[in-house]
Amino acid sequence: MAVKKFVVGSFDDEAVLFPAVKKVRAAGYKLHDVYTPFPVHGLDHAMGLRETSLHTAGFVYGITGTTTALSVMGWVFTTDWPMNIGGKPHFPLPAFIPITFELTVLFAAVGMVLTFCYLCQLAPFVKKHIFHPRQTDDLFVMAIEVTGKNGAAELKEFLSSVGAKEVNEQTAETGWWLGRYDQESRLYSEPVTVKA
């Protein structure tokens, strides 16, 4: 995993954060992520994030469940163990609808949960860098990657000018790794003490 430098700004109000995100994007800085204690409506659009494809994955999983249910029941009742009960057809589709519906919902739900966990890198013992200890408590935290185009000092000054209460520089791995937070940490960060 790559170790990168970030300038991290903390905001105490979403009314200040929202315009700051727009200004960061307009200035051409590389916005790594924004962490909020609650969902902020429209923040994903302001950050330039594309719409999620999770609903498409859910459709694919649902169709897979439907196909699995109809295929298995069709094979069992027409080929593997055909039974003529009261003159009913071997493939009574109306009788298959409840089980088909249940398997469709099961495949879609389980598939979307697993896909979401994979894309968000959520699993037991998966650790990610925490930019600020209060980032999901009561602060809005914005992390901007330091690139060759801009220096850390320039980014600190910029974040202070757009309303950040605390600004600091941190070095962190951008990916995730296995481990526990109550044991030795692999976080590469400097103490959060520098105030703007």
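Sequentially through segment 36-53, phi angles give Karplus couplings (6.51, -1.76, 1.60; θ = phi - 60°) of 10, x, 8, x, 10, 4, x, 5, 4, 5, 5, 7, x, 7, 6, 5, 5, 9 Hz, Gly and Pro residues having no value and appearing as x.
Close amide H pairs (under 5 Å, H built 1.01 Å from N) link residue 165 with 10, 11, 12, residues at least 5 positions away or on another chain. Summary value for the chain: 43 percent relative contact order, contacts being C-alpha pairs under 8 angstrom separated by 6+ residues. Calculated translational diffusion coefficient of segment 54-119 (20 °C, 1.002 mPa s; Stokes-Einstein with Kirkwood radius over alpha-carbon pairs) equals 166 µm²/s. As a rough guide to protection, the peptides 39-51, 8-20, 97-109 ranked by mean Cβ packing within 10 Å, highest first, stand as 8-20, 97-109, 39-51. Applying a length cut-off of 27 Å (Cα extent along the axis) and a mean Kyte-Doolittle floor of -1.0 to the DSSP H helices of the chain leaves 54-75, 93-119.
Remark: segment 89-169 is approximated by an ellipsoid whose semi-axes, taken from the C-alpha gyration tensor as √(5λ), come to 51, 14, 12 Å, largest first. Rounded to the nearest Hz, the phi-derived 3J(HN,Hα) couplings of segment 136-146 under the Karplus curve 6.51 cos²θ - 1.76 cosθ + 1.60 (θ = phi - 60°) are 10, 9, 9, 10, 9, 10, 10, 10, 10, 7, 7, where x marks glycine and proline. Here the residues 75, 81, ranked from fewest to most Cβ neighbours within 10 Å of their Cβ, fall in the order 81, 75.
Excluding same-chain neighbours fewer than eight residues apart, the lysines reachable from residue 128 by a Cα-Cα span under 16 Å are 4, 5.
Cα-based radius of gyration for the chain, normalised by 2.2 N^0.38 Å, reads 1.53.
Each value in this text was obtained by applying a stated rule to the coordinates, not by laboratory testing. Bear in mind the structure is a predicted one, so any value in this text is a computation, not a measurement. In this analysis, Cβ positions are derived from the backbone assuming ideal geometry, glycine residues included, and neighbour counts consider all displayed protein chains.
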